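*Asks:* Mind looking over this structure? Questions follow.
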Amino acid sequence: MVQIGLLSLYLALAVSVYVLAGSLVSKAIKSPQLLESTRFSAYLLPALLGVATLALISAFLQHDFSVEYVAAHSNLAMNPAYTWVAFYAGNEGSLLYLALVLAIFSALAILLMPKDMVQSLPYTMAILMAANVFFLAVLVTMANPFAVSAFPPLDGQGINPLLTHPGMFMHPPLQMAGLIAITVPFAVMMGQMIDGRVGDEWVELARVWTLVAWTVLGIGILLGSWWAYTILGWGGFWGWDPIENVALMPWLVLTAFVHSIMVQKRRGMFRMWNVVLVNIAFTLALFGVFINRGGPVVSVHSFASTALGWTFLGFLGLGLTFSFGVFFWRLNALRSMVALESSLSREAAFLLNNLLFLAVTFVTLWGVMFPLISEIFQGKTLTVGAPFYNQMNGPVLLVLLLLMGVGPLLPWRHATRATVWHTLQVPVTGALAVAVVLAALGVRNLFALLSFGACALVVISISLEWARGVRARHGRGENYLLAFGRLIAANRPRYGGYVVHLAIVMLALGVAGKTFYGVQQDVNLGPGEITTLRGYTVQYLGDRSLVKADRDEIFYDLAVTLPGGKETTLVAWRAFYPDKNMAVTRAAIRSTPWEDLYIISSESPDGGRAIFRIHVNPLIWWMWTGGIVFIFGTLVALWPQQGFALELASSRRKLSPSPVRTEV
Amino acid sequence: MSLTRKTLLLLALLLALPLVLSCMTQSALTIEEQAQAIDKGLMCPICAGETIDQSQSTLAQQMREVVREKLAAGETGDQIIAYFVERYGESILAAPKKAGFSLVAWGMPVLGIVFGAGVLVLVVRRMRRPASQEPQGSSAHAGSGDGEMSPYLAVVDEDLRQLIGKGQSPPQSKAAS
């Protein structure tokens, strides 16, 4: 099996080199036959990498500890369900996973390329294949997951216990897939640029692929914070950890892009800017892939200590040089002839949105890099942690939230102060009223009032948009339900976007609730003892232990009296892995939309007493529910409009010399 | 209608002002609240990337106790932080100090954002000088003021046109036949 896996990797490398060279040659000698041949060869890649993946997974299932990777990331005691997690738990496996996902996305991108973009297809294919070649070459030369040891151990070292969590089935694969998928919109756009098609033809296709990458990455990030919340034991969901940051940065840039692309789609503006955004997102994604697969800490060492680090750095540099090289080459042609009519318009709001998203990205990148800078210039390591990011990014994110309530109400092109005030007065009054009511109810923190007020602003303005649209349609004789459905159907990017905005508001509610009104308490309880926190009474009943093959589990039984007087029981869980000298906890959580009661066990002294950290986290429930709304919103935005969106967009372009731009 | 809205707004503003002002005066924090704020600013020396507030290790538990003892003994937050920096070095701080070289960490993002905003303003100014005049025909969204429904009706009209255009045979082919 192992040999088959390695063989498929070599075959995949050969195929991708052939497609890379063949597609460029086909363009040079204008041979459609060669192009077709390379095109079909590219479809082989997912199959070959699928075989390699299955080979590695079957080695895990057969406990073939002669394979070094299997021995390092599993053992006999491991639940076979976690084979999937073990598959990408280490360096080599995660690179194989990345190569698999890249191959699938590349094949899909080539398959779904509209016919009128066939001129730039060879370049797009070449760029996709360059990335494939890179990962495959790294796999066969530096990070072979099928490396076999001469003296196989009797049992493996086992999987990292932190990874044995349901969230781990989805979080790392989605996050890595989202990062690597950014290659597709990048390749589509670059192909058109190299071919000299600097107009708006690439926009719709790149938008669809960007939304795919953006959604996958977004869900991956959110699942990661859910994992952190339930397992890491500090009751938080976001630590501004380098691993989190490097996934967040490309997501932020993509968010800026999915907004500003709407301006190009509708008004033919910001052409240069959009190219720059895709370039930045792609470079940051490569950076994220590098940090994700290996070095958890960004330091001089994570780059310099291994040949792999240098290789990734080299590829990163190459990507950056190439993308901006093409950009400057096409700079003159990219200049847009459309003028910005007013700084009080939707276009201007999008520009401000982009500035703010890039500001958050810059702050985050700076925070990630600063320890390195300090190490180089001062010779001492510093920590740049949560307080830095919260103080720098918090206010910018708050302004973004406010802008989210105002921007969608501004008209395209230009507006007068009077018309803007006319559209804004209801949402602004409503938001102020919400803030006043909250203040009267005892909310005293200024930032909390601003946050909740901004949330109200967004919700009211979106509701108004919907209500007005439905009312206008109803006036044409449609019943309200039909009008609502047709309103969304008629402009999915716009109304899908609004649904995503609502999801972001839910996320913001969770963040604000936890940040401003979360309370915590450390308690040391003997069996039978009681503590109280914000209306909850928690009694520690005692513990039960369970010895498993690889771990000792302890269940802490807790009797809880809720603020309303109702009683319930909760169980906090802790396991100690002697082989790894590592403890893993699972919080006991009682979740309601209003607030979470969250109890987690700490390292406890012997002798019957137990130490707990108890949190009350208001509104966190909204954060996770918001994730579902987020997925729904992106599906609405992505769902093909009347048949196949791409074909439609391209045929529409063919029919009319000046493209009909859909309302956003 | 718009008059009542305006009065409503004025009323809201008047109500909001004293409340906002009252937010500025924070009530005194308890020792535990102060301690938790200090915990969040100190890294656990033996844990990867966790503050002593986050970490459940015994060392972090002991450090938390030290913070509370010192607060109870009347030391200020700054004194306690200085105590830990002296013992463990500057990397114990969860965020760089706002002094000396570390000030760069805080200053650079602010400079970057100000620079970005400056560039944006310049770009907007340049873009506002039109390079070529665009036909002004289809400014359906300008909101010319004839009733608050008009921009929405225009949107709906446009959407309907597209829907109908797609549902039936495209007008272009009709013209061709």
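*Asks:* Calculate one ³J(HN,Hα) per residue across segment B:71-79 by plugging θ = phi - 60° into the Karplus curve 6.51 cos²θ - 1.76 cosθ + 1.60, and present them in order as whole Hz with x for glycine and proline.
*Replies:* Result, ordered by residue: 5, 5, 7, x, 6, 7, x, 4, 4 Hz.
*Asks:* While we're on this one: As an exercise, identify the trypsin sites (Lys or Arg not before Pro) in segment A:432-512 lying in DSSP coil whose Cβ has no more than 12 other Cβ atoms within 10 Å.
*Replies:* On the way: sites: A:R444, A:R468, A:R471, A:R473, A:R476, A:R486, A:R494; in loops: A:R444, A:R476.
Sparse-neighbourhood loop trypsin sites (Lys or Arg not before Pro): A:R476.
*Asks:* Please list, in chain and number order, the residues 5+ apart from B:C44 or on another chain whose amide H is under 5 Å from its amide H, with Hs placed from the backbone.
*Replies:* B:E50, B:T51, B:I52
*Asks:* For a quick check: sort B:Y88, A:Y495, A:Y69 by the number of other beta carbons within 10 angstrom, fewest at the front. Write down the numbers at each step before the final one.
*Replies:* Working: B:Y88 14, A:Y495 21, A:Y69 27.
Listing B:Y88, A:Y495, A:Y69 from fewest to most nearby Cβ atoms yields B:Y88, A:Y495, A:Y69.
*Asks:* Explain nothing, just compute: Karplus ³J(HN,Hα) = 6.51 cos²θ - 1.76 cosθ + 1.60, θ = phi - 60°, for every residue of segment A:328-335 in order, whole Hz, x for Gly and Pro.
*Replies:* So the J values, rounded to whole Hz, are 5, 4, 9, 4, 5, 5, 7, 4.
*Asks:* Between rounded, prolate and oblate, where does segment A:441-515 land on the alpha carbon gyration tensor, with a ≥ b ≥ c its root eigenvalues, rounded for a/c under 1.5, else prolate if a/b exceeds b/c? Please list the in-between numbers first.
*Replies:* Numbers: a/c = 4.12, a/b = 2.43, b/c = 1.70.
Verdict is prolate for segment A:441-515.
*Asks:* How would you rank A:K566, B:K40, going from fewest to most other Cβ atoms within 10 Å of each one's own Cβ? Show your work: numbers first, answer last.
*Replies:* Values: A:K566 8, B:K40 19.
Listing A:K566, B:K40 from fewest to most nearby Cβ atoms yields A:K566, B:K40.
*Asks:* Can you tally the lysine pairs in chain A where the Cα-Cα distance is under 21 Å and the two residues are eight or more apart, or on different chains?
*Replies:* Working: A:K27/A:K115; A:K30/A:K115; A:K115/A:K265; A:K115/A:K654; A:K265/A:K654; A:K548/A:K580.
Lysine pairs satisfying the spacing and distance rule in chain A number 6.
*Asks:* If I model a spin label as a point 7 Å beyond the Cα along the Cα-Cβ vector, how far apart are those points for B:A72 and B:C47 in nm?
*Replies:* 2.2
*Asks:* Enter the mean projected area of the convex hull around the alpha-carbon atoms of the protein assembly as shown, in nm², rounded to one decimal.
*Replies:* Details: hull surface 159.3 nm².
Result: 39.8 nm².
*Asks:* Ok, one more. Output the relative contact order of chain A, whole-number percent, from Cα pairs under 8 angstrom with separation of 6+ residues.
*Replies:* Values: 1086 pairs, mean separation 71.0, N = 664.
11 percent.
*Asks:* For segment B:54-120 and segment A:327-352, compute the distance between their C-alpha centroids and round to whole Å.
*Replies:* 42
*Asks:* Percent relative contact order of segment A:495-626, based on C-alpha pairs within less than 8 angstrom and at least six residues apart?
*Replies:* Details: 283 pairs, mean separation 38.2, N = 132.
Rounded, it is 29 percent for segment A:495-626.
*Asks:* If you average the alpha carbon positions of segment A:137-153 and of segment A:1-57, how far apart do those two centres end up, in angstrom?
*Replies:* 22
*Asks:* Order these by the 10 Å Cβ neighbour count, fewest first: A:L286, A:L7. It would help to have the intermediate numbers written out before the result.
*Replies:* Numbers: A:L286 26, A:L7 15.
By the 10 Å Cβ count, ascending: A:L7, A:L286.
*Asks:* Now for a different question. Under the Karplus relation 6.51 cos²θ - 1.76 cosθ + 1.60, θ = phi - 60°, what is the ordered set of whole-Hz ³J(HN,Hα) values for segment A:247-262, x standing for Gly and Pro?
*Replies:* Along segment A:247-262, the couplings run 7, 5, 4, x, 5, 5, 5, 5, 4, 4, 5, 5, 7, 6, 5, 5 Hz.
*Asks:* Here is a further query. In deg cm²/dmol and to the nearest 500, what is the mean residue ellipticity at 222 nm of the protein assembly as shown if only DSSP H runs of at least 4 residues count, each as -39500 (n - 2.57), divided by the residue total? Mind dumping the intermediate values first?
*Replies:* On the way: 30 runs with 531 residues, N = 841.
Result for the protein assembly as shown, helices only: -21500 deg cm²/dmol.
*Asks:* Residues in segment A:96-135, backbone N under 14 Å from the label point at A:K30 (7 Å along the Cα-to-beta-carbon vector): list them, ranges by number please.
*Replies:* A:119
The numbers here are math on the coordinates, done by the rules we state, and not lab data. Predicted model only: the values in this text are computed from it and were never measured. Ideal geometry is used to build each Cβ from the backbone, glycine not excepted, and the neighbour counts take in all protein chains shown.
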